[in-house]
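*Asks:* Quick one: the structure is below, and I'll ask about it shortly.
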Amino acid sequence: MAAAPKIQLDVVTPQKLAYSEQVDLIEGPAIDGLIGILPDHAPLVTAMKIGVVRVVKDGEEIQIAISDGFMEVQPDQINLVVRTAELPEEIDIERAEAARERAEEKLEKEKDNVDFARAEAAYDRAKARLKAAGHHDHGYDRL
């Protein structure tokens, strides 16, 4: 019996190659909504937004917190080029919780004065980190 087909996933940031493996599938937050990619997918380029990329490899799942960027898909290769990417073991949960709380306070207190988009992006990044790290309360699983 032949092995199930795989697709090469490379997650790249300006600082590093964050992840590089042959995987079974990925799901991630494209600009138009959640997108799933399997091996032999049609070529595609799409913008990505802050959230969590779910990667399945040999029946195991990993979640990677990402910031915005883009994804290029070929039938045998996915290049995910994003500003930041964090694997679960790289995420400091206490720091992410504190960042979420700070952003939440800014969004609540200073609705008229705060740079709303910036505070909202900080909040979304913190939620994505917490979800990728497996910390699933406070509505993080909406990402």
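The values are calculated or read from the model by the stated rules, or taken from the named source; none is laboratory data. What you are looking at is a predicted structure, and each value in this text was computed from that prediction instead of being measured. Neighbour counts are summed over all protein chains in view; Cβ atoms, including those assigned to glycine, are modelled from backbone coordinates with ideal geometry.
*Asks:* Would you confirm whether any residue within region 99-108 is under 20 Å from Lys131 (Cβ atoms), in contact (Cβ under 8 Å) with a residue 24 or more places away in the chain and part of a helix (DSSP H, G or I)? If you could, list the steps in order and put the result at the bottom.
*Replies:* So the first thing to find is which residues in region 99-108 are under 20 Å from Lys131 (Cβ atoms), and the list is 99-104, 107.
From what's left, in contact (Cβ under 8 Å) with a residue 24 or more places away in the chain: 99-100.
Narrowing further to those that are part of a helix (DSSP H, G or I): 99-100.
Checked against the condition, which is being under 20 Å from Lys131 (Cβ atoms), in contact (Cβ under 8 Å) with a residue 24 or more places away in the chain and part of a helix (DSSP H, G or I), region 99-108 yields at least one hit.
*Asks:* Being outside any strand (DSSP E or B) and either within 16 Å of Gly69 (Cβ to Cβ) or touching a Pro at 6+ places or on another chain (Cβ under 7 Å) (or both) is the filter here; which residues of region 6-57 pass it?
*Replies:* The answer is Lys6, Thr13, Pro14, Gln15, Lys16, Ile31, Asp32, Pro39, Asp40, His41, Lys49, Ile50.
*Asks:* In the list Asp112, Asp68, Asp32, which residue meets the criterion of being modelled with pLDDT under 95 and assigned by TED's automatic domain parsing to the domain that holds Ala133?
*Replies:* Values: Asp68 fails: assigned by TED's automatic domain parsing to the domain that holds Ala133; Asp32 fails: assigned by TED's automatic domain parsing to the domain that holds Ala133.
Answer to the selection: Asp112.
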